[in-house]
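The values are calculated or read from the model by the stated rules, or taken from the named source; none is laboratory data. As the structure is a computational prediction, the values presented were derived from the model and not from experiment. Cβ placement follows ideal geometry from the backbone for every residue including glycine, while neighbour counts extend to all protein chains displayed. Note: areas computed on protein heavy atoms with side chains; ligands, DNA, RNA excluded. Shrake-Rupley method; radii C 1.70, N 1.55, O 1.52, S 1.80 Å.
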Amino acid sequence: MIAAGGTGGHVYPAVAVARELAALAPGRPLTFLGGAAGLEARVVPRAGFRFLAVPSGPWRRSRPWTAVRGAALALQGAVRARAVLRAERASAVFSTGGFAAAPTLIAAAATGIPIVLHEPNEVPGLVTRLFARVAARVTTGSAGAAARIGGARVLVTGVPVRASLLAGDREADRRALGVPPEAFVVLVLGGSQGASAINDAVAAALPLLADAPAPIVLVWACGRGGEAAATAAAARFPGRARVHAYLDDIGGPLRSADAAVARAGASTVAELMAGGVPAILVPYPHAAANHQWHNASALAREGAALLLEEPRLDGRRLAELLHALAADRGRREAMAERARASGRPGAARAVAEAVLEAVAC
């Protein structure tokens, strides 16, 4: 059983691990549990895996009153999850964390089913911290996260990335996007929820990108809430931006990109690093324990990305950074090389092996 949901940063690594589990243990049933209204309810069935919904709700530290409702839903979900685990005769539960996973982890801990956790962020999340002490194994995206968790059961694997993202033809992908061969392609990612601060800066930067030596074309994933404004901004500068509310298949745009502007969620960062895409990372300043800043800072120290904090983000600064990257191929190549060195393409297989070891025990 795989407990994951809430955001793409929880769902997509879990899907990557599920594919490896299916390859390593063919015929073994795999079932996802998550929230009925979360991204997982759409993404998981599309990926070809069975999905069952259990009640869950977020607990936002900025809104303490949500803790009561979140706890009530978690307990309700735990009752439902326990019935599912028994009916399915679950041999292990794997989780990438997030509030949507909590009910299933509660049920697994109560029934003695082995738990394997994966923590993708530099700073471990609340669910990981709560359940790490009872987990058979904890895998992490970085050595920093492993040190914060501690213990002999912790294994550094890197963040699982879908293998399909990197398998393709860059030139064919660029043709499919309709961008000129000489274009400098910038992939803009605000995460599965979109990012209004990034959207506003991109809209303001568009008129400042006209005088680049090569045309700068943005592939702009703006989030469903920002689609109308982004489409209107792009319409004023024909050919300069391809607007998408959401990119279900990020593989083609990722392989096409010469640079990226993105939030610093662990899954997004792992995909950019695996693809060797030089990135301007804008951490979400209200993320729990400021974990996105820590994710971005670790890569900036290695020269794999540029860290641009949100208070300093505006159209002019963004345009300056994009112009500088477009004009300096040597710098981009150095960043791309360091990005690939930071990525771990075998992470999903390593995590899947850890899950199967827990089942065998």
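Odds and ends about this structure:
- In region 1-44, the residues that are open to solvent by 10 Å² or more (accessible area, probe 1.4 Å), β-branched (Val, Ile, Thr) and assigned to a helix (DSSP H, G or I): Val43
- Those residues of region 341-361 which are buried (at least 16 other Cβ atoms within 10 Å of the Cβ) and either touching a Gly at 6+ places or on another chain (Cβ under 7 Å) or more than 30 Å from Ile113 (Cα to Cα) (or both), in sequence order: Ser342, Gly343, Arg344, Ala347
- Scanning region 158-172 for residues that are in a loop (DSSP other than H, G, I, E, B) and either more than 21 Å from Val269 (Cβ to Cβ) or free of Cβ contacts under 8 Å to residues at least 24 places away in the same chain (or both) gives a single hit, Asp169.
- Verdict on Arg133 being of a type in the set (Lys, Arg) and under 19 Å from the mean Cα position of the chain (by Cα): no
- A Cβ distance below 8 Å, combined with a sequence gap of six or more or placement on separate chains, defines the contacts here; from region 266-286, residues that are among the β-branched types (Val, Ile, Thr) reach residues that are in a strand (DSSP E or B) and open to solvent by 10 Å² or more (accessible area, probe 1.4 Å) in the pairs Thr268/Leu189; Ile280/Leu306.
- Taken together, the residues in region 323-340 that are closer than 23 Å to Val282 by Cβ, more than 23 Å from the chain's Cα centre (by Cα) and open to solvent by less than 70 Å² (accessible area, probe 1.4 Å) amount to 6.
- Entirely in region 45-144, the strands (runs of 3 or more DSSP E) that have 1 or more residues that are open to solvent by 20 Å² or more (accessible area, probe 1.4 Å), in contact with a Leu (Cβ under 8 Å, 6 or more places away or on another chain) and within 19 Å of Ala352 (Cα to Cα): 50-53, 137-140
- Entry remark, region 24-48: residues being touching a residue at least 40 places away in the same chain (Cβ under 8 Å) and more than 16 Å from the chain's Cα centre (by Cα) number 8 in total.
- Residue in region 260-270 that is under 24 Å from Trp293 (Cα atoms) and open to solvent by 40 Å² or more (accessible area, probe 1.4 Å) present: no
- Residue count, region 292-305 (criterion: closer than 15 Å to Arg263 by Cβ and open to solvent by 40 Å² or more (accessible area, probe 1.4 Å)): 2
- Restricting Ser196, Ser142 to residues that are closer than 26 Å to Val15 by Cα and in contact (Cβ under 8 Å) with a residue 24 or more places away in the chain narrows the list to Ser142.
- Filter result for Glu337 (touching a Pro at 6+ places or on another chain (Cβ under 6 Å), touching a residue at least 12 places away in the same chain (Cβ under 8 Å) and not aromatic (Phe, Trp, Tyr)): no
- Count of residues meeting criterion [among the small types (Gly, Ala, Ser) and at pLDDT below 90] in region 227-248: 2
- Hits in region 145-172 (condition: open to solvent by 80 Å² or more (accessible area, probe 1.4 Å) and modelled with pLDDT under 90): Ala152, Asp169
- Test: Asp249 is surrounded by fewer than 18 Cβ atoms within 10 Å (Cβ to Cβ), among the acidic types (Asp, Glu) and more than 20 Å from the chain's Cα centre (by Cα): no
- Checking Arg240, Arg224, Arg175 one by one, the residue that is within 21 Å of Leu322 (Cα to Cα), of a type in the set (D, E, K, R) and open to solvent by 10 Å² or more (accessible area, probe 1.4 Å) is Arg240 and no other.
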